[in-house]
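Scroll down for the structure; my scribbles are underneath it.
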Amino acid sequence: MNNSSLPPKYIQMLKRYDFSFFGTMIVIFIIGILNLYSATHATSDKALSELYKTQIIWFFISLSVGMIVSFIRPKTLFRYSYVFYAVNLLLLALVLLIGVKGLGARRWLDFGIARLQPSEMMKIGIVLVLSRWYSKFDPEQEVNLKEMIIPGIMTLIPALLIVVEPDLGTGLILMLVFFTITFYRRLQWKTIVILCLLGVVTGSVMYKFGFKEYQRQRVITFMDPWGDAQGYGYNAIQSEIAIGSGQIFGKGFKKSSQASLSYLPENHTDFAFSVFNEEHGLFGSLVLITIYIILIMRFIWLATSVSNFYDSILAMGLMSIFFWHTFFNMSMVTGLLPIVGIPLPLVSYGGSSLLTFSVCCGLATSVSNSKNLF
Amino acid sequence: MFDQETLIKLHRPRANLIANVILFMFSLILARLWYLQVYRGKQLLNYSLQNRLRREEIEAPRGMFFDRNGVLIVDNVPRFDAVIIPQYLQHKKETIKKLSEVLEIPDEMIYKTLSKKSNLASYKPVIIKKNISRKEVAVIETQNDELPGVAVDTCVSREYIDREVGGHLLGYISEISSTQLPKYRNRDNIDYKLGDFIGQAGLEEQLDLYIRGQNGYEFVEVDATGRRKFRPQSMSDGGGEDDLFREIKDRPAVPGPNVTLTIDRDMQLSAYNALKGKEGAVIAVDVNTGEILAMVSLPSFDPSLFSKGFTSTYWRSLTRDPRRPLRDRVIQEHYSPGSTFKPLVALAGLEENAVDEKTEISCTGQFPLGRKVFHCWKKHGHGPVDTYRSIRESCDIFYYRLGKRLDIDTIAHYVRALGLGRKTGVGLPHEVGGLIPDREWKKKRSGEEWMLGDTISCVIGQSYVLVTPLQLAMAYSVIANGGKLFRPYVVKKIFYNSGEVVKSYSPELISEVKLHPKALAVVREGLRQVVNEPKGTAYSYGHGKGLGIAGKTGTAQVIKMSAEKLFSKCEEAEYKFRHHALFVGYAPYDEPKIAVAVVIEHGCHGASAGVPIVVDVVSTYMKKYFPELHKKYLQQEKAKGILMKAPPPKNIIQEEEDTEVEEDASYEEGPVGAAAATGQRNNNVANGSVGNSGSSGNSSSNISKTGAGQGGLGKKMTIGSRIGTGIGNEGVGRWQGSGADSGPDGPESKIEEQGDDE
């Protein structure tokens, strides 16, 4: 045996290592960082035009953390699911008490060297805890309304804590992740129909009679001051103009006028996709969306190919985090849904969100690697 | 249990369903993208090229200021700026040339301004000239075909009715600087933008968050040359391509609430006019409430210029002016109180039983201590001096003796109880706290022990003792109202035009100082005599006006002087070496209403420079608010035959003048060391040390009668005899005698601080 080479155990591990998640992630990130540079390079605000450097640093930190996470065995994840969830819940409560305020919302915990958003980590926490819960109790049965109550409460508590921060978007994501996982865990069709009817009825009653137009608007603005800080409708319209003006092939890299003339607010965070569309058009979006679909399908495929039920739900949960972020952000900037601040995975600027998605990929890689053990 | 593989197979249909739903949802997004980018692509591209829709901020008008009687002091007026919107600028050369003719500014300046702002988005207007005249507005508006890309911006600017009168008090507003931006965003949790105006000094700064109102915005459409078009009403009905903007709503600006001040505009004007041409401060307060009636600092600045066509040259001229016109001398400047400090020391002496009204010493004009000789301002001495006379004629030797009897800590305790040595909490930004030294302070500051010589310098208001004019006025208010220390305030209420009151302020008693009525009576009588008895230092300038002023003159040395220089004429010295002149007093002496403190930098004599200003301010006040009382005093004085008609002859001034002397005969002339008389040039030192002394002062709750005075006495006697001056011995003898006389039935120590400052 050659001493200088790696022990066979590690070579085995490396051979087994699934690079598909991190590979796709890096591709999307490269697109994102170019887009961020393009969106911010024209501004005279030094703090803004240097953002892409910060983002690159954050990316390497996130990638490293994700890689480390990928070496944690799913069994260990299973064991510590509740602990991780509980710690996150504590941090969320702490944010409300001693969190750092920024432009009206209290979302961060200051750790001296960096600020962290516990609500981001909670997305993963909720997936872990729900996976464990649903994998344990009577998996052959379909889930009915009664059995939804406990996991429902487990999601609702952090979701409410996040909504009062206020951060409507993240709270919404948590609820959607919960429903996706529950649906996958064979929620009775009967229950689904009941829930849908209930949702439609309460929703329309509230919409028609409960609120007046300006009140509805005010609720959204209050819940998410970033979402519509500039005045109702203005952001949405400028975003639509930006997207539409890109036409089929776009105006070209660094050529977006909407973004560089700063008509488009927050063009490096929530509206990154608008800038991308303005510069690369429908064709560019088709490519980007395809890459997202590949990554998402990779998660679903993983969920159906593993041999452990906990792993399966975990993979599906991680997928739902990716999907709902992508879908909501894209719908929001294209005017399909009202504007609530939800970032586009790996493209929007933001360290905490990068870290979340990288950890998601790390967890999926871990699951993927371990399935080959048997 | 169950087979996991089968279980997962059981769930596969759900996974497939999820995958299909996801694909469907992405196809929705793609469909929407197709709709925007292909179906409406051309139209939206056109929009992006013109971007006709612009969101414009509407500045909320700030609250207006009124004086105590509802007279408008600060108003809002429209202002017009000529701007260029680079996006729409055509035929650059001709347009700029034409514009430079209209505005009468060189075209290089326009180019320079444009290139400076070239990094801004091109649709953002660049201000070429602020505050253009209505004629210029008319020319630009009518000739807009020849001036593509040039427009007139309307905004609100602040108008300070009396210009530089009370400029420091009112403060000014100016654009937020890039260094302030992140700091203020954090502090106020308001999303400030560059170009926003914020209060930068005085009340404008202090009340900024109250009076700034809430900015609104409106969405305007602009035509191809950048001029705004009015949004046609039909737009809101929808239809056609304009449908896009249908949902957009404007938000009107909410004006800030108005402010009523405690200031009286007439008094403000009379204080300003009296002080005009000099450097100094005038402060008048209501002794029974702490309301500030007039507050003027000179040299001043015109706050209007900051928000209206303000040029950087004006700013530079202000910051580079060696007289520092931006500093509010009423609350932001430290002065040595000079002789105005003596009545406070006398009060401490009376309370501590160290003197009473019968105490008499002999002033020979000299006071030896160790190798030093301290002088009285009157070269050959006053002769016999009692407590009344010590105040009336401002005898230094009396206070040197008293200082020896009282420990510095005791003096510090009493004067601090009168509000000195700490911020008054007036509710204006950047107030300084002054300095009242004690043993602990000196030890902390220099590591040296307190020396008797230090006390001697401090009792006549020199050396380390530093005050602000406002503190002096408040301390004298306490004497005037019989022991109530109020927090001075300038804002009466903040209210909306609708009448809704946002906040109202009322008198706030900081502490009630228990002063012995007898002690108080002696000091008050002394202060009365200063102005109303022929030998008083302020008699020639202050009596016979029907105002009943009581007060004390003071002269603060700017530099240390040799004995020879000491008695030379102040007016002959170089301007910057001349003494500061002070006068602090209240009126009328029988039933005090108002206290006034005046400092005139390099004014030489408290009486000639300070008293006339106080007379002006007090007479404005009395005539306006207490005409009956004024008449009564006039008649009284007429009866006594002391009504003054002509100004006093010049030659008597010098004799009646007081000059504090703290000197070392062997020392050369030079700046007074340590913190000290030049402290006002030296605020950092003083500020740093104030904190220390303040805290130590508050912690020592109740100073009992100290024996340090006696110990000092003994020590001095030995020194005195060694030097063999003899005078000292004689003085000491008298002191001991009188002290023993007054001992048994003298007033008890009664000062207690009831409240506490934070």
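Looking at the stretch B:145-220, the strands (runs of 3 or more DSSP E) lying wholly inside it that each contain 1 or more residues that are farther than 23 Å from B:Phe495 by Cα and in contact with a Leu (Cβ under 9 Å, 6 or more places away or on another chain) sit at B:150-160, B:173-175. Number of residues in the stretch B:69-97 that are surrounded by fewer than 18 Cβ atoms within 10 Å (Cβ to Cβ) and not polar (S, T, N, Q): the value is 11.
Among the residues of the stretch B:417-429, are any free of Cβ contacts under 8 Å to residues at least 12 places away in the same chain and out of contact with any Gly (no Cβ under 7 Å at 6 or more places or on another chain)? Within the stretch B:417-429, none of the residues are free of Cβ contacts under 8 Å to residues at least 12 places away in the same chain and out of contact with any Gly (no Cβ under 7 Å at 6 or more places or on another chain). Restricting B:Val465, B:Val531, B:Val478, B:Val523 to residues that are more than 30 Å from B:Gly213 (Cα to Cα), surrounded by 22 or more Cβ atoms within 10 Å (Cβ to Cβ), touching a His at 6+ places or on another chain (Cβ under 9 Å) and touching a residue at least 60 places away in the same chain (Cβ under 8 Å) narrows the list to B:Val531. One residue stands out in the stretch A:252-264 among those that are crowded, with 20+ Cβ neighbours inside 10 Å and part of a loop (DSSP other than H, G, I, E, B): the one that is modelled with the lowest pLDDT, namely A:Tyr263. Here is the figure for the stretch B:489-507: residues that are surrounded by fewer than 18 Cβ atoms within 10 Å (Cβ to Cβ) and over 22 Å from B:Val584 (Cβ atoms) total 12.
For the stretch A:312-340, filtered to residues that are of a type outside the set (A, V, I, L, M, F, W, C) and outside any helix (DSSP H, G or I), the residue that is farthest from the other protein chains (Cβ to nearest Cβ) is A:Pro338. Considering every residue within the stretch B:341-353, establish whether at least one is outside any helix (DSSP H, G or I) and assigned by TED's automatic domain parsing to the domain that holds B:Lys569. Among the residues of the stretch B:341-353, at least one is outside any helix (DSSP H, G or I) and assigned by TED's automatic domain parsing to the domain that holds B:Lys569, which makes the answer yes. Looking across the stretch A:278-303, just one residue is at the interface with chain B (Cβ under 7 Å from one of its Cβ atoms) and touching a Ser or Thr at 6+ places or on another chain (Cβ under 7 Å), and that is A:Ala303. Take B:Thr289 and tell me if it is within 23 Å of B:Val415 (Cβ to Cβ), hydroxyl-bearing (Ser, Thr, Tyr) and surrounded by fewer than 24 Cβ atoms within 10 Å (Cβ to Cβ). It is true that B:Thr289 is within 23 Å of B:Val415 (Cβ to Cβ), hydroxyl-bearing (Ser, Thr, Tyr) and surrounded by fewer than 24 Cβ atoms within 10 Å (Cβ to Cβ). The single condition from (1) surrounded by 24 or more Cβ atoms within 10 Å (Cβ to Cβ); (2) within 14 Å of chain B (Cβ to nearest Cβ); (3) over 27 Å from B:Arg32 (Cα atoms) that A:Cys360 fails is (2).
Inside the stretch B:470-486, residues that are of a type in the set (A, V, I, L, M, F, W, C) and not in a helix (DSSP H, G or I) make up a count of 2.
When B:Leu509, B:Leu452, B:Leu470 are checked against the criterion of being hydrophobic (A, V, I, L, M, F, W, C) and touching a helix residue (DSSP H, G or I) at 6+ places or on another chain (Cβ under 8 Å), a single residue qualifies: B:Leu452.
At least 2 residues being under 30 Å from B:Asp386 (Cβ atoms) is the threshold, and among the strands (runs of 3 or more DSSP E) wholly inside the stretch B:487-598 those reaching it are B:550-556, B:580-587.
Considering each of A:Phe309, A:Phe273 in turn, give the residue that is more than 7 Å from chain B (Cβ to nearest Cβ) and touching a residue at least 24 places away in the same chain (Cβ under 8 Å). So that I can check it myself, show each step before the final result.
Working: A:Phe309 fails: more than 7 Å from chain B (Cβ to nearest Cβ).
Every option except A:Phe273 fails the conditions.
Looking only at the stretch B:406-413, decide whether some residue is modelled with pLDDT of 85 or more, more than 32 Å from the chain's Cα centre (by Cα) and of a type outside the set (D, E, K, R). Yes: the stretch B:406-413 contains one or more residues that are modelled with pLDDT of 85 or more, more than 32 Å from the chain's Cα centre (by Cα) and of a type outside the set (D, E, K, R).
For (1) more than 7 Å from chain A (Cβ to nearest Cβ); (2) at pLDDT below 85; (3) within 29 Å of A:Val177 (Cα to Cα), each residue gets a yes or a no:
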{"site": "B:Ile8", "(1), (2), (3)": "no, yes, yes"}
{"site": "B:Arg14", "(1), (2), (3)": "no, no, yes"}
{"site": "B:Ser27", "(1), (2), (3)": "yes, no, yes"}
{"site": "B:Ala31", "(1), (2), (3)": "yes, no, yes"}
{"site": "B:Tyr47", "(1), (2), (3)": "no, yes, no"}
{"site": "B:Ile58", "(1), (2), (3)": "yes, yes, no"}
{"site": "B:Gly63", "(1), (2), (3)": "yes, no, no"}
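Counting only helices (runs of 4 or more DSSP H) that sit completely within the stretch A:106-210, those holding 2 or more residues that are under 28 Å from A:Trp58 (Cα atoms) and under 22 Å from the mean Cα position of the chain (by Cα) correspond to A:118-136, A:149-163, A:168-184.
Among the residues of the stretch B:162-184, are any within 14 Å of chain A (Cβ to nearest Cβ), at pLDDT 75 or above and either within 26 Å of B:Ile283 (Cβ to Cβ) or surrounded by 15 or more Cβ atoms within 10 Å (Cβ to Cβ) (or both)? Within the stretch B:162-184, one or more residues are within 14 Å of chain A (Cβ to nearest Cβ), at pLDDT 75 or above and either within 26 Å of B:Ile283 (Cβ to Cβ) or surrounded by 15 or more Cβ atoms within 10 Å (Cβ to Cβ) (or both).
The values are calculated or read from the model by the stated rules, or taken from the named source; none is laboratory data. Treat the numbers as computed from the prediction; the structure is a model and nothing was measured. No Cβ is skipped: glycine too gets one built from the backbone with ideal geometry, and neighbour counts run over all protein chains shown.
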